[in-house]
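A short write-up of the structure that comes next.
The values are calculated or read from the model by the stated rules, or taken from the named source; none is laboratory data. Since the structure is predicted, the reported quantities are computational estimates derived from the model, not experimental observations. Here the Cβ positions follow ideal geometry from the backbone for every residue, glycine too, while neighbour counts run over all protein chains shown.
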Amino acid sequence: MKPILNFYIGSSIHVALAVVSLAIITMLDFKLSIDFNICLFIFLATITGYNIVKYAGIAGLHHLSLTKNLRIIQIFSFFIFISLLYVLFQVSLNVIIFSVLMGFITMLYMLPFFGGGKNLRALSGIKIYVIAFVWSGVTVLLPLIGKTDLIQWDVLIEFTQRFLFVFALTLPFEIRDLKFDMANLKTVAQIFGVRRTKIIGVIALSIIILLEFLKIKFSLVSAISLILISVLLSALIINAGIRQTKLYSSLWVEGVPILWCLLLLGLQFIYW
């Protein structure tokens with residue numbers, strides 16, 4: 001199973017399922033039917049975007065000496081991209097325009113657009129906020145385009161909650177990467193240290209729960225699922241360390257949105 005698991009994580013399938021899960025949660029929170037085309041579009045676009053960011057530089061520098069696993073991921077990513085081009089014709093123009101904007105921000109994350117050959121990833125202290133903003137845009141605003149008014153209180157609350165959730169979700173990765181990240185990145189873990197970073201994560205999740213009760217269209221089922229998942233993620237953040245098992249963050253932490261989606265679907269099925 002190890003080669004399959006490595007491919008599953010390395011090819012960004014896992015993170016794509018997490019992003020799609022968050023988009024489905026938004027649809028459920030706003031009482032919308034699950035849009036298969038939007039979900040497929042987000043899934044394919046996430047794999048494409050993440051694999052470009054992760055592997056474009058490696059493929060360019062070591063094309064002839066790529067490992068077998070990376071070559072398989074490269075071929076897989078090519079077919080995913082071809083599929084994405086097909087799915088583009090199944091979604092609205094507004095969705096495409098918004099996705100291009102999110103894609104542009106992703107490219108800023110990778111390419112040296114700023115002074116000194118820096119990209120967004122290299123700018124001090126900004127990395128985690130770029131990730132949280134793009135994930136929130138893709139998983140909250142994009143699924144609602146053309147289906148409801150984006151300028152409303154509950155959308156603002158949902159976007160803020162999602163931003164804080166992704167922020168908290170990223171903290172175990174920052175703790176893990178303390179031994180690798182350059183000092184000039186000034187990540188949350190570098191600035192505040194491991195203990196305070198964990199406290200910040202728990203506080204962010206507590207704020208998310210409080211915000212849930214400020215929604216105009218409050219749902220008890222959504223609130224219960226959110227509280228349970230926030231408790232789980234808090235535990236994962238508290239137990240995160242610089243020395244983690246290989247799969248702690250990349251599989252278990254990143255899998256929390258998938259579990260949240262399944263939990264919400266299950267609760268809604270029981271409730272109805």
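Brief remarks on what is shown
- Checklist (1) closer than 21 Å to Ala132 by Cα; (2) crowded, with 18+ Cβ neighbours inside 10 Å applied to Leu251, failing item: (2)
- Close Cβ contacts (under 7 Å, 6 or more residues apart or on different chains) running from residues in region 127-154 that are within 20 Å of Ile42 (Cα to Cα) and in contact (Cβ under 8 Å) with a residue 60 or more places away in the chain to residues that are crowded, with 18+ Cβ neighbours inside 10 Å and of a type in the set (Asp, Glu) comprise Val140/Glu158; Pro143/Asp35.
- Residue among Ile242, Ile207 that is touching a Leu at 6+ places or on another chain (Cβ under 8 Å), at pLDDT below 95 and either surrounded by 15 or more Cβ atoms within 10 Å (Cβ to Cβ) or within 23 Å of Ile126 (Cβ to Cβ) (or both): Ile242
- Residue within region 180-187 that is over 17 Å from Trp135 (Cβ atoms) and modelled with pLDDT of 95 or more present: no
- If you check Gly193, Gly201, Gly146, Gly125 for being at positive phi, part of a helix (DSSP H, G or I) and either surrounded by fewer than 20 Cβ atoms within 10 Å (Cβ to Cβ) or of a type outside the set (Val, Ile, Thr) (or both), only one passes: Gly193.
- Among the residues of region 249-272, those that are aromatic (Phe, Trp, Tyr) and at pLDDT 95 or above comprise Trp252, Trp260.
- Looking across region 174-184 at every residue that is surrounded by fewer than 20 Cβ atoms within 10 Å (Cβ to Cβ) and part of a helix (DSSP H, G or I), the one that is nearest to the chain's Cα centre (by Cα) is identified as Asp177.
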